[in-house]
Amino acid sequence: MSVTPAQAGLSMPPEWAPHSCCWMAWPCRENSFYDFEAGRDDFAEVARSIARYEPVRMIANPRDAEDARRCCRRYPDGAPTGVEIVSMPTDDSWVRDTAPTFLLGRGGALGALEWRFTGWGSFRRDYAETARMAGRVTALTGARGFTAPIALEGGAMHTDGQGTLLTTEDVVLDEGRNPGLTKADAEDVLKECLGVEKVIWLAAALERDPTGGHIDGLACFVAPGVVVATSCDDPADPQYEPLGENLRRLEAAETASGRPLQVVTIDHPQRRLDEDGDRLSSTYINFYFANGAVIMPGFDDAHDAPARETLARLLPEREVVQLQSRELARMAGDIHCTTQQQPLM
């Protein structure tokens, strides 16, 4: 980048800032699902739920556009949702990781940061169209585009909008993404790309996470200085110690302004296995801030209600909508992973 976003006066706003729309992408890769139809039903329910609060722009392969329109255009009572179908070539549906990270600047200027996409550290290599998605979305929005010098995905970062960033060592410093990248150099890049001043580093902690440790399954800001984090109270659970280490790091951390973090924990759901014997990537932290609402996961689990009550207490000005999203968890993602907010200029 000849000029970085920070030099241009742009920074990543917090996810609770007002949105002009939410971007999603209609599922098209059948081998990513245990049950393709159930997976598409979950995507459609997420889109319809968000559309009650803000516009949704659903990217769909040209051959799938009519199917996406049929599934997303109406609520169960027949009322139109207003979900817009955007015909665009794609070969995957996790837009959190493949659409640009949007930025805002003085006077409401819109920027879009395009990370180098390597299939989650070369976890998958057949993503030629998805690797072009960020540039295509940037062009559609008219945002000022920037290209990041490192490989990363949107699910790897979360900001308070006041200079503090949460991320994980296991993703940013992954040799499959950024061979040889040091923590100091990574911090310099993140500060210049996202307009932040302080980076708080956590470690991968979920027993199963094909991304290698995205932050959006572990912890996120819900207000300046306030973080909700996944926790585990069962010492026999493989996630107990690594999640405990992340909590210790958060409790010792300070914001960019030097304030200690307020850390609120949400227990993860009961440990469940998929058909292959792998743990479901179930976490309540993977939720989406919509205008006036939070759209959060549920798993038909005893922890669903307490998790919802915690978010409702922390965010009393928002309606908390809990969707049963177990099929998304079977795909090793969830609601936040399926979405990318475009801030209001």
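Considering ARG271, ARG249, which residue is modelled with pLDDT of 95 or more, more than 25 Å from ARG318 (Cβ to Cβ) and surrounded by 15 or more Cβ atoms within 10 Å (Cβ to Cβ)?
Just a single option satisfies the conditions, and that option is ARG249.
Considering only residues of segment 1-50 that are at pLDDT 95 or above and aromatic (Phe, Trp, Tyr), which is nearest to LEU165 (Cα to Cα)?
TRP16
Applying the selection to segment 48-70, what residues are under 30 Å from PHE117 (Cα atoms), part of a helix (DSSP H, G or I) and free of Cβ contacts under 8 Å to residues at least 40 places away in the same chain?
Listed by number, the residues that qualify are ARG48, ALA51, PRO62, ARG63, ASP64, ALA65, GLU66, ARG69.
Given the criteria touching a helix residue (DSSP H, G or I) at 6+ places or on another chain (Cβ under 7 Å), surrounded by 23 or more Cβ atoms within 10 Å (Cβ to Cβ), touching a residue at least 24 places away in the same chain (Cβ under 8 Å) and farther than 18 Å from VAL95 by Cα, does PRO27 qualify?
No; evaluated as a whole, the condition is false for this residue.
Any residue that is outside any helix (DSSP H, G or I) and buried (at least 17 other Cβ atoms within 10 Å of the Cβ) - is there at least one of those in segment 305-313?
Checking segment 305-313: not a single residue is outside any helix (DSSP H, G or I) and buried (at least 17 other Cβ atoms within 10 Å of the Cβ).
Can you name the residue in segment 178-209 that is without any contact (Cβ under 8 Å) to a residue 60 or more places away in the chain, touching a helix residue (DSSP H, G or I) at 6+ places or on another chain (Cβ under 8 Å) and in a loop (DSSP other than H, G, I, E, B) and, of all such residues, is surrounded by the most Cβ atoms within 10 Å (Cβ to Cβ)?
Within segment 178-209, the match that is surrounded by the most Cβ atoms within 10 Å (Cβ to Cβ) is ALA205.
Cβ-Cβ under 7 Å, sequence separation 6+ or interchain: first residue in segment 32-44 and in contact (Cβ under 8 Å) with a residue 24 or more places away in the chain and over 12 Å from ARG326 (Cα atoms), partner among the hydrophobic types (A, V, I, L, M, F, W, C) and outside any loop (DSSP other than H, G, I, E, B). Which pairs?
The qualifying pairs are ARG40/CYS71; ALA44/CYS71; ALA44/CYS72.
So which residues in segment 301-323 are modelled with pLDDT of 95 or more, farther than 17 Å from TRP16 by Cα and either acidic (Asp, Glu) or in contact with a Leu (Cβ under 7 Å, 6 or more places away or on another chain) (or both)?
Across segment 301-323, the qualifying residues are ASP304, GLU309.
State yes or no: is TYR127 in contact with a helix residue (DSSP H, G or I) (Cβ under 8 Å, 6 or more places away or on another chain), surrounded by fewer than 16 Cβ atoms within 10 Å (Cβ to Cβ) and either of a type in the set (A, V, I, L, M, F, W, C) or at pLDDT below 95 (or both)?
Spelling it out, it is not the case that TYR127 is in contact with a helix residue (DSSP H, G or I) (Cβ under 8 Å, 6 or more places away or on another chain), surrounded by fewer than 16 Cβ atoms within 10 Å (Cβ to Cβ) and either of a type in the set (A, V, I, L, M, F, W, C) or at pLDDT below 95 (or both).
Kindly establish whether ASP126 is farther than 27 Å from MET296 by Cα and either out of contact with any Leu (no Cβ under 9 Å at 6 or more places or on another chain) or hydroxyl-bearing (Ser, Thr, Tyr) (or both).
On the way: farther than 27 Å from MET296 by Cα: yes; either out of contact with any Leu (no Cβ under 9 Å at 6 or more places or on another chain) or hydroxyl-bearing (Ser, Thr, Tyr) (or both): yes.
The answer is yes for ASP126.
Have a look at LEU190, LEU181 and point out the one that is closer than 23 Å to GLY225 by Cα, touching a strand residue (DSSP E or B) at 6+ places or on another chain (Cβ under 9 Å), modelled with pLDDT of 95 or more and not charged (D, E, K, R).
LEU190
The values are calculated or read from the model by the stated rules, or taken from the named source; none is laboratory data. Every value quoted in this text rests on a predicted model; they were computed, and no experiment measured them. Please note: Cβ atoms are built from the backbone with ideal geometry, for glycine as well, and neighbour counts cover all protein chains shown.
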